[in-house]
Every structure is written in C-alpha cells, then in structure tokens.
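Written out below as structure tokens is the structure these notes cover.
The values are calculated or read from the model by the stated rules, or taken from the named source; none is laboratory data. If you're wondering where the values come from, they're calculated on a predicted model, not measured in any experiment. All Cβ positions, even for glycine, are placed from backbone atoms using ideal geometry, and neighbour counts span all protein chains on display. SASA here: full protein model, heavy atoms, side chains in, ligands and nucleic acids out. Shrake-Rupley method; radii C 1.70, N 1.55, O 1.52, S 1.80 Å.
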Amino acid sequence: MSKEAFTLRLFFLLLVHGAFADQAARVLEFSRSRMEMRDDQYTTEHTSQRANHQLYMSSQDGLKEADKVSELPGQPGRAGFDQYAGYVTVNATSGKALFYYFAEATDDPSTKPLVLWLNGGPGCSSLGDGAMLEIGPFFVNSDNRTLSINRYAWNNVANMLFLESPAGVGFSYSNTTSDYDNTGDTSTAADAYTFLTNWLERFPEYKGRDFFITGESYGGHYIPQLANAILSNNNITNVTIINLKGVAIGNAYLDDSTNTRATIDYYWTHALISKETHLAVQRNCSFNGTYMAQCRNALAEADTEKGVIDPYNIYAPLCWNASNPRQLHGSVIKIVVTDFIIFPELLFPSHQMVLQAINVDPCSRYYVESYLNRPEVQRTLHANTTGLKQPWSGCSNIITPENWKDAPVSMLPSIQGLISSGVSTWLYSGDIDAVCPVTSTLYSLDILELPINSSWRPWYSDDNEVAGYVVGYKGLVFATVRESGHMVPTYQPQRALTLFSSVANTAARNKANKPLEFDQLKIPSKYGSEKQDDLREKDRVRAMPGQMEEAEFNQYAGYVTVDAKAGRALFYYFVEAPHDPLKKPLVLWLNGGPGCSSFGAGAMLELGPFSVRSDNKTLYKKQHAWNTVANMLFVDVPAGVGYSYSNTTSDYYNIGDKKTTDDAYIFLINWMKKFPEYQDHDFFITGESYAGHYIPELANLIVSNNRAINSTNIKLKGVAIGNADLHDNVTLRASFDYYWRHAMISDRVYRAIQTSCGFNETYTNDCQNAMNLANKEKGNVDDYNIYAPQCHDASNPSPSGSSDSVAFGDPCTNHYVSSYLNNPEVQRALHANTTGLNYPWMDCSGLIFDNWKDSPETMLPSIKTLISSGTRIWLYSGDMDAVCSVTSTQYALDILGLPVETSWRPWRIDNEVAGYVVGYRGLVFATVRGAGHMVPYYQPRRALALLSSFLEGKLPPE
C-alpha cells in the first residue's frame, strides 16, 4: 500500500474513535507530516512480511471465576446476567495480554450464540466504544460515576464478548515495548486468534457454540482477517474448532482508494461541498494510491468547505462542554426515564431507572474515559493490574499510524475468501456517515460483482418505520440503517438490535414489504389569505382559543376581497413583531402545493408564534417564531385553499399560476389599504415548495406594476424560497438521483431510470416502470424528510410532541392543527368561515390541485428576470428533502450558469455547522443541515438565523 493512501485512510478513520479535540488535532498534524515522508521512509517490507506466530496455549483453570464481575461501580441495581472481565495472555515470553469484557445473555445464555465485537481505528477500544457507548448493557451517565441501562443491549439476544486489541489499546498491554512498534494487521489477527483459543479454554461451555464476529470501521480489516484465520486453523489437527457461522461489519473500511473517493462523492451528494471543488477532486485525483499536490489541494479545499462538523454523523451536534452536558449549544438530549418492565422482564428488577438516548449526548465519550480511569472501576474489572504508565483512552496514544506496519490496500479478496467458504457475510452502513460512507460500501460491492439473489427493498423496524434498505447477493447481504452514523448502534439502537438479531439468526428478517404509494404527504406547505373587512379593528384577534398566555404582540385575521363580482376572498393571518414593529420589515409567507394552506402549514406548523398540542385544543409558544424579527403575513391562496373561498364555483375549476398571482397582488394592494402604516415598509416574500412558482411570479408582477403610473408602490426588497420547485423535469430527475445518492434505491433500478427516462416531458412505459420500481424499493418513508418518523396514530401521539425543540417534531402535528382549525370556537376567534363553507378546513385542497390549469415547466426565466431587476434572491434547501431536493436546486443553478462571487463555505450557529452557503452574482444559495422540506419545522433555530441574515442582506455567519 502506498504511503499517501495509508495516511489518508488513517486520517479519516482515527477521528471516529479519537474524537476528542486534542486527539483529532494530533491525528491531523501527524497525518500531514506523514504525507511529507519519502516513499523509501515507509517500511513497505512489513506489508509482505509474515511472522511465524507460534500459537500460545496456557492453563485457564480457575481463571473464569477470578474474572467474574459481581457489580460495576455505579451500576443501577443487580444485573440479571453474569459478566466477566480480565486478561488473557497471548504471548508469555513478551508478556503480552489482551483485556476482555464479557456479558452473557440476559435469558438462557446456554442457548444463545457467542458474538465477538471488534472496534477499529486501528488502535481504538472495543470496551470503551463497543461496550460502553454502543451495544453493551450499560452507559455512563454525565456524572462520570453512575451507569444507566442500555435498553437495546445486544446481550438481550446473544452472549457478547468485547476484546481490546491489539496490545497497547485500552487496558491491553505488553511487557515488551517493541511490540507496540511492530504492530499491524497480521499480528493483530494472530493475537486475536490466540486470545480466542485460550478464552474458550477458560469458558469451555462455549466450545462448539455458534460463533459470530461483528464490529465496525477498521474492523473491516480485523474481522475478515480473523475469520479467515479461524477457517484456516480449523483444518489443523489438535486445534480447538471454532464454530464460525457469520460475520457482520458496520460502515466497513474495505478498500483504500474506493473509500477516499467515496468520501468526497458523499460530501458532494449530500451538499457539504461545492460542485466546483468536487470537479477539482475528480480532475486531479486518480485514487490509485498516488496523491499529487493538485489532488491534495483539492482534498484540503473540500475539507475546508464542509466546515467543522462530525463526519461520522453529518447531522449530529458536537461536544462543546463535557463538564456541563446540559449546555451543548443547540444539541438536543432527550432522556426518558421509566420503570423497566418492557424488555426483557428479568434483566433488572422492576422500578430501576432506564436511560434511552433518543438524541445521543455528543459528550458521552468523555464520561466513559473518566469512568474507566477511576481506580475502583479498574479494580472491579480486574484491569490495569500491572500499573500501566498511560491512562485508559478510547484510542491509543501508543498504537499510532507511525508504528502500524502492515495493512492490505484492499480487503475485498478476503471478503471473497469468506464468501467462498460459506460463512454468512453481512455488511451494513449507517447512511449519514461520511468517513466510511454507504457510498464506499456500494462501490466495493460493484467491484465484487456478486449476483443478486434478493432485490433491493426496504426493511422495517417494529414501529413500522422504514429502518433501512437491504439487498441479498450470492454469499453476502448488504443492509443500510436509515438515519444512522458511523457507530450504528449508538445512533439507532433499536434498528441495530433488530438487524443484529437477523444476522444472529443467519436469515434476513422477512417482514411484510408494504407496497409504496407515492405519499401525497398532507404536511401542509401552501399559502394563505385574508378578507378585507370594513375596519381593521374587526380583524384583531384578542386571543387564540387555547392560548396559555397573553401574547406580547398584535395579531389579526380575516378576509380581503380580491373580486367582488365573483365573491372571491382570501383569508390572512398577520402577527406583528413583539418589539418595535414599525421598525421591522413586512414579510409575506406563501406555502405551495399547489393548493395548500400558508396559515395551517406556515403559521401553525412552521414559523408562526403558536402551534397546537396533541390534545387538539391548547397551544404552545414557538421559541423561534419569525415574528421575533419581522412582521409576518400569511395568506391562503388561491380561493379554495384553507378558509379562502369564492361564491363562484367555477373559480375552483379554472385556477392556475396566473390567476393565483393576480389575486395575490390584488390582495396585497387591498391589505395595505387596511394597514397603511406598512405601505412604505421594506417588503419581502418568502415561502417554499411550489412557491417556487408563486414567489417569482408575484415578485415580477410587483416590479412591473411598480413602474406603472398611479399604482401603489410596494417596496419589494427581496425573495427567499425554500426547497423550491423550479423546473418540472429537473425536480423529478433530481429526486431519483437523491434516492440513489442516499442509498434508498438499488444501482440496478437507478441505471434503468437513467437509461429509460429522458426527463423531457416524454415518459415511456419503461421509464414509468423503472420509477415505480424505485418507489417500491425506497419503501414507505417520508420523502419530505427521509429520516423523519411517520404519524401512525394521531389519537395516541408521542408525549414529546409539544415542543419545537424535539428533533424532527411530532409527525402527527398536522393532524392536531387540522382538528384545531375545524373547531367552531377557533374559527370565530379568527373571523374565519363567515360564509359557512360546505367543506371542512383542510391543509391541502385536492379540488384545487386536481384542477390546476397553467403551470410553466420551468421558473428559471422568471428567476433570471428577477435577478436583472436587482431584487435580492435567496434559495435555500433543507438537505433531507427528497421531493424538491437540494440536488434539484443545484441542477437549476447549473442551468442558470451564474458566476460565483463568494465560494462555498459552511455557516454556523453556536459553533455548529448549520449548513452551507455560496454567493452567485445576483443570487445566494444556502443549505440547512438536518432539515427536511419544511425547513422552519425541522430546524427552527437555523431557519430563523437564515431569515435574519436574508433580511439584513448579509451571508449567514461563519
């Protein structure tokens, strides 16, 4: 393996387990110095050298009982399983011993398989990461002293063995210092095999038991090498036969060049870097082990552009203050404490406290390090019995890239060897890891060219959510875990346990494959309006029903007539800024559809001052409402949407972009007569989705009419459109590209779409069949946020659904809004439904959608016209939306061909990367990290910060 490839690989890998800031800095500095070494300084002879490892065996009599752990310090009650910890000598001459922790199954351990877990690095601890952070029975609390129960521990279904390997990692050690300087893949595999044979002598009841090896990351080297060593040695006479049944590797590092290329591709396909930098990498990097200066410069630029995010989970917060974990600068930690009576019943006595981390505490690693360095913990674990010079650390400061001697360029030949041996082989990938990304595994599978036995399909967790995707090859299964980072069990513990149970049962989970119906997603994203009554005071809303506290701002609602002859009136809701409203701009918000309500979606779900609780009756205040920085106007448009109506029924059947634009303009003119103090205010139009049509059309009409004599002048300053639908064919093509780039559909179906679909308004049967297959493969996920849960029972909602601080929000909130807005008391307070509409309030009108008459194929000419007028234009995209995806906006920008004035860079809030921004001549494009289609709903704080920057005409903060 070349020195450059080796260096890049270790730089990417060591960050995950050495996530502390000082270690990350050390790895970065070290890897850069490594790249300056001459090729002849890299000791390549070790890559081919095979040391003659003599299998060491020693008596294990009495050692099992000596290793028993009665109770860990801070353990919440007595465990319902046996646990052991201690050392197994693997070389008596050099005094080399490996540390292990073993947790037997909670129920009937004699009938459960034995599973070895190996973390990667190389040089990182399976005890600290695997057992204490991911899949072991306990987690360390933020006090660094007490433990909580891991409800989804893997010893619920298997006997779990964690090994710190090689010597120099964690508590494992050697009395011969030179061992640390001569470590590599070969010696690590040999020592791990020696450990296993001796450990089985210590625990003879596990001889012959079904045995599996699992792990992640650089475990993509450790696991195939150890597995092949076991298979080879099983053929030797008088050697303990290890009954190896299968291996499973998460986010595996398998191939040097493939992984590096895939990482950069992943950055680009997930809108972390600019198109220009991605092209520079493609031009200058051959990914064949030789990295020239131009390639390194392009890679460095990519790293700069993506900013300081956690590449092991691109949407996770960072740890800023481990000593005060409750103040994590925007991170969300949700703790659920319940009586432990669910799973399994006998694991712990009733009434013990159970911690379930819904959103992982990013400082957990610090708590583990502090806990494992406590002397009483080490005594209980029978660890550090020789008085090690160095403290325990998650990743070794002794085992470093400098002294790692051998590592194959590719592990794919080893994987092929396992497949040919008949060992069950599973690869799985958390799909929001950028270091060993799902893309890398897919590229590796392309190289293997295995025949497909079972087509790509979604798999489902017990809550009926799409948990990921799975495809069966001849001899290998590949699965993704949706919304999970590098350490899959940390980020998605329930899904990881479900997947592991399938592996341990040696057969894929065969859950019903629900047929996909492309979800119309009644999550509102439309405009709203209001009626213009005789006096504006009539429209004042004193208080909304269920409003728990007095509002510190004025709010109004009612109708504005836009066509008296037809009896057509638009409903509006207006909330002034709480402080100095006359000094704040006026902002109109429009949702899309077409046919959806700006009041229901924009005001009540996304960015208004209130939202509805799960009781359908009471409201809670939204902390990041947009009226904190502007006077917000919501209008339901066109007539037939929300409370807006026409007394001429034919209006509902003859609606389209033009009439909607005309009515919206008339609405504004008449509304400003009712609120004349806002006529000279700076005016902005914002919205999302199909508002990619409404907003440019309305803005251009305003600009045109402002030039007319005797016309009311509207001081339009700018427009901002979120996840905009700008070009029909581009948006559709981008959705399927987004599915594939995010590992939601198979290569086979994606290639069929590319072959059959021209995305030029002509869609053949072959194309439609391919698109239908793609929709079937991706399963029943929410396309508007591919990682969000779905609402399965609005009558029995999650208790967490009453705050806009909950990650992804309560998926049933739109049902609560609908129920609330159909309450007659609410309608009276809002001066709504005054004519007695013969249909209920709905978030989206099917009648309007089905009868839409005119809609330009592309809005890009309108965008160009708006640019030429000098109007401020911002486009922004939540990067988890697959419908009007970030990919679609980027394709539209490619077509516009605008010169770049400010290069792609991250923007930040509270030191977290909130997204990315690039400035073009006449237009700004920004992404919002971790947001779906309705950006203010999924990322309210980031959306408010972006709005503030837009109103000020400044790029969002670095």
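Numbers below:
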| quantity | calculated |
| --- | --- |
| Alpha-carbon spread of the range 703-799, three principal axes, descending order, Å | 60, 47, 21 |
| Residues with amide H under 5 Å from that of T176, placed H, sequence gap 5 or more | none |
| Carbon and sulfur %, accessible surface of the range 730-778 computed with the full protein complex present, 1.4 Å | 46 percent |
| Solvent-accessible area per residue for the range 730-778 (1.4 angstrom probe, square angstrom) | 44 Å² |
| Mean ellipticity per residue at 222 nm, deg cm²/dmol - from DSSP H runs of n ≥ 4 across the chain, formula -39500 (n - 2.57) | -9000 deg cm²/dmol |
| In Hz, Karplus ³J(HN,Hα) per residue of the range 719-733 (6.51, -1.76, 1.60; θ = phi - 60°; x = Gly, Pro) | 10, 9, 10, x, 6, 6, 8, 10, 7, 3, 5, 5, 4, 5, 4 |
| Per-residue ³J(HN,Hα) for the range 220-234, Karplus 6.51 cos²θ - 1.76 cosθ + 1.60, θ = phi - 60°, Hz, x for Gly and Pro | x, 9, 4, 5, x, 5, 5, 4, 5, 5, 4, 4, 5, 6, 4 |
| Label selected from (1) 32.4; (2) 29.8; (3) 28.5, the criterion being Kirkwood radius over Cα pairs in Å as computed here | (2) |
| Residue-by-residue Karplus 3J(HN,Hα) for the range 689-694, coefficients 6.51, -1.76, 1.60, Hz, glycine and proline x | 6, 5, 5, x, 8, 3 |
| Per residue accessible area of the range 584-702, 1.4 Å probe, in Å² | 23 Å² |
| Solvent-accessible ranking of S286, S257, largest area first, probe 1.4 Å | S286, S257 |
| Net charge dipole size for the chain [Lys, Arg +1 and Asp, Glu -1 on Cβ; Debye, nearest 20] | 560 debye |
| The range 677-784, relative contact order [Cα under 8 Å, separation at least 6], % | 24 percent |
| Sequence-distant residues sharing a close amide H with A914 (under 5 Å, placed H) | W907, R908, I909 |
| Of F849, T835, S868, farthest towards positive along the dipole that unit charges on Lys, Arg, Asp, Glu beta carbons give the range 789-921 | S868 |
| Dipole of the chain, positive end: most advanced residue of V913, F212, T186 [Cβ charges, Cα centre] | V913 |
| The chain: relative contact order as a whole-number percent, Cα under 8 Å and 6+ apart | 11 percent |
| Residues with amide H under 5 Å from that of D255, placed H, sequence gap 5 or more | M411 |
| In Å², nearest 10: area of E857 left accessible to a 1.4 Å probe | 80 Å² |
| 14 Å Cα-Cα reach of K245 towards aspartates and glutamates, excluding residues that sit fewer than 8 places from it in its own chain | D210 |
| Rounded to the nearest 10 Å², the accessible area of D894 at probe 1.4 Å | 80 Å² |
| Where K622, K617 fall by accessible area, highest first, once all protein chains stay in place (1.4 Å) | K617, K622 |
| For the chain, cysteines whose Cβ has no other cysteine Cβ within reach (under 4.7 Å) | C436, C884 |
| Positive-pole candidate from H742, V730, T755, dipole of the range 730-778, charges at beta carbon | H742 |
| Cross-link pairs K658/K715; K621/K853; K275/K853; K617/K778 - those with Cα-Cα distance over 31 Å | K621/K853; K275/K853; K617/K778 |
| Size of electric dipole in the range 730-778: Cβ of Lys, Arg +1 and of Asp, Glu -1, about Cα centre, debye, nearest 20 | 140 debye |
| Share, in percent, of DSSP beta bridges within the chain that are antiparallel, nearest 5 | 55 percent |
